[in-house]
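The values are calculated or read from the model by the stated rules, or taken from the named source; none is laboratory data. As the structure is a prediction and not an experimental result, all values here were calculated from the model. Glycine also receives a Cβ, built like all others from the backbone with ideal geometry; neighbour counts cover every protein chain displayed.
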Amino acid sequence: SDEELHARIAAAKKTLGDRLVILGHFYQRDEVIQYADFVGDSFQLANAALTKPDAETIVFCGVHFMAETADILARPEQKVVLPNLAAGCSMADMADEDSVEACWEDLLDIYGTEPDADGRQPVIPVTYMNSSAALKAFCGRNGGIVCTSSNAATVLEWAFERGQRVLFFPDQHLGRNTAKAMGVPLEQMPMWNPRKPLGGNTEDEIRDAKVILWHGFCSVHKRFTVAQIEKARAEHPGVKVIVHPESPMPVVDAADAAGSTDAIRKFVIASEPGDTIAIGTEINMVNRLAAEFPDRTIFCLDPVVCPCSTMYRIHPGYLAWTLDGLVAGEVHNQIVVADDVAADAKVALERMLAALP
Ligand code: 13P
Ligand code: SF4
């Protein structure tokens, strides 16, 4: 029963004390979030893994790529646990190492490997945090960098100082929305479909590109539409609309603001009592904000409940099972990134941390 699970989790947390830290992403259900020592967006959670050096175990209530990142950044002795190994990210799965390597070779065949007169490389790889450790390592080895939705513009600026072009993966929408806001013309952002020769582009299109966008997308955020925003504006005059930048470009353009999960939260905090706010992101987070700010009208743009099905796989039952294991001295579902992969991935993650103001 829920009470029994609650009692097990609370007792294990008490027994483990400071030896345990539980991190929770904003998209986790309330039944899990209530046990988190720290709640945040994917960037803040990566930082939290760095700033809890005393904990022996980090239990990550989020998805697989987040737990991998925590393992890369945590001290070697610290163990990172993902309560349910089936909690992946469908977007992260859309870019695999072999396809990105093949794309990279095609690009270097066209661009060559020599820097230009200003010392800028032909192309810099930028991976969204929502990617496997192997792809972060690829970026580390090839002069590239990681970004999150909270720092994508700063990271792209970093990349354009060092490269003539950027290969951005896996999320086409974050890449397109960010580069467009920086003034990159859409014609210079071809999309790369790994199932087609040259990603489905002509050699000229690749030669003229500023940002090559991988074809990945988030199945939750691609559901948001301009029609939903128009409906919200018609039904709630004065409504403020904020969406996550994984949403398609026309949706970001029609919204009042776009930002990471933490930026969305800050947008709500900065609003006034009586305001109406329509949000384009995952439903657990939207419902939590609505409950936290009952003096505002807060709703999800999509009327059909849109949870992230993989984030939802972290059930309190799995959390109880992993914590019971830790109390008994057994580590279930540990996420271990191989040392060589972790070393290269860390280079790309540290470039991100160093690029931030
Ligand atoms: P944030 O970096 O905004 O937390 O986003 C993570 C994510 O998976 C959004 O879909
Ligand atoms: Fe991945 Fe989308 Fe879920 Fe975020 S919301 S974890 S991008 S599937």
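Points to keep in mind about this one:
- Subset of region 72-88 (residues that are modelled with pLDDT of 95 or more and charged (D, E, K, R)): K79
- Residue list for region 71-83, filter: assigned to a loop (DSSP other than H, G, I, E, B) and within 16 Å of ligand 1 (Cβ to nearest atom): L82
Residues are listed down the side, and each one gets a yes or a no for (1) within 19 Å of the chain's Cα centre (by Cα); (2) surrounded by 15 or more Cβ atoms within 10 Å (Cβ to Cβ):
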site	(1), (2)
C300	no, yes
R313	yes, yes
L319	no, yes
G329	no, no
H332	no, yes
V341	no, yes
L349	yes, yes
A355	yes, yes
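Okay, residues lined up against (1) small (G, A, S); (2) touching a residue at least 24 places away in the same chain (Cβ under 8 Å):
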{"position": "F293", "(1), (2)": "no, yes"}
{"position": "D302", "(1), (2)": "no, yes"}
{"position": "C306", "(1), (2)": "no, yes"}
{"position": "G317", "(1), (2)": "yes, yes"}
{"position": "A328", "(1), (2)": "yes, no"}
{"position": "A342", "(1), (2)": "yes, yes"}
{"position": "A348", "(1), (2)": "yes, yes"}
{"position": "P357", "(1), (2)": "no, yes"}
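- Here region 24-59 is the region considered, the condition is being hydrophobic (A, V, I, L, M, F, W, C) and within 12 Å of ligand 1 (Cβ to nearest atom), and the residue that is farthest from the chain's Cα centre (by Cα) is V39.
- Filtered residue count, region 224-241, keeping only those that are within 23 Å of the chain's Cα centre (by Cα) and crowded, with 21+ Cβ neighbours inside 10 Å: 2
- Candidates R207, R195, filtered to the one that is basic (K, R), assigned to a loop (DSSP other than H, G, I, E, B) and either buried (at least 20 other Cβ atoms within 10 Å of the Cβ) or at pLDDT 95 or above (or both): R195
- Per-region count, region 73-88, residues under 22 Å from V347 (Cβ atoms) and crowded, with 24+ Cβ neighbours inside 10 Å: 1
- Selection of region 19-35 for residues being away from ligand 2 (no atom under 16 Å from the Cβ) and part of a helix (DSSP H, G or I) yields R19, D30, E31.
- Some residue of region 213-227 being away from ligand 2 (no atom under 16 Å from the Cβ), part of a loop (DSSP other than H, G, I, E, B) and not assigned by TED's automatic domain parsing to the domain that holds S247: no
- Set D109, D93, D118: member being out of contact with any Phe, Trp or Tyr (no Cβ under 9 Å at 6 or more places or on another chain) and within 16 Å of ligand 1 (Cβ to nearest atom): D93
- Residues of region 60-70 include at least one that is within 16 Å of ligand 1 (Cβ to nearest atom), in a helix (DSSP H, G or I), of a type in the set (G, A, S) and outside the structural domain of V166 (by TED's automatic domain parsing).
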